[in-house]
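Structure record follows, encoded as structure tokens.
Values in this text are rule-based calculations from the coordinates and carry no lab data. All figures in this text were calculated on a predicted structure; none of them were measured in a lab. No Cβ is skipped: glycine too gets one built from the backbone with ideal geometry, and neighbour counts run over all protein chains shown.
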Amino acid sequence: MEETLTPDHELALAQAVPFLLDFPASRFWVDYDQEADVLYISFARPQQATDTALTDEGLLLRYRDSQLVGVTVLDASTRVPT
């Protein structure tokens, strides 16, 4: 990882703040697998998911029983805000 943020990264981070503050969880972890182009958002560590549901938007919702413990975003780099 780079030692400093570029101006473009700083702007993107600043633009993401309102979304992060409005996120349905107060604590979460984000991991990105660049080779697979998959973004993992975890609300519990470890997730220990027991079920997965695919949304119309192509998100994988990961559940442990009835509790949402994570979201997997496939083809993450191709997603743009609408």
Check: About the Cα centre of segment 25-78, what is the dipole size in debye to 20, counting +1 per Lys and Arg Cβ and -1 per Asp and Glu Cβ, all else neutral?
Finding: 380
Next item on the list: Using label points projected 7 Å from each Cα along Cα→Cβ, tell me how many nm separate residue 13 and residue 45, to one decimal.
Entry: 1.8
Check: In degrees between 0 and 90, to the nearest 10, how far off the longest principal axis of the chain does helix 7-21 point, with axes built from Cα atoms?
Finding: 40
Checklist line | Those GluC sites (Glu not before Pro) in the chain that DSSP places in a loop and that have at most 10 other beta carbons within 10 Å | finding: 2, 3, 35, 57
Notebook entry, point to check: Which is farthest toward the positive dipole end of segment 25-78 among 72, 58, 30, measuring Cα position about the Cα centre, with Cβ charges +1 (Lys, Arg) and -1 (Asp, Glu)?
Noted result: 30
Next item on the list: Place a +1 charge on the Cβ of each Lys and Arg in segment 2-51 and a -1 charge on the Cβ of each Asp and Glu, then give the dipole magnitude about the Cα centre in debye, rounded to the nearest 20.
Entry: 380
Check: Which label belongs to the value computed from this structure, given these candidates for Kirkwood radius over Cα pairs in Å: (1) 13.6; (2) 14.2; (3) 12.7?
Finding: (2)
Next item on the list: With a cut-off of at most 12 other beta carbons within 10 Å, and DSSP calling the residue loop, which trypsin sites (Lys or Arg not before Pro) in the chain qualify? Please list them.
Entry: 27
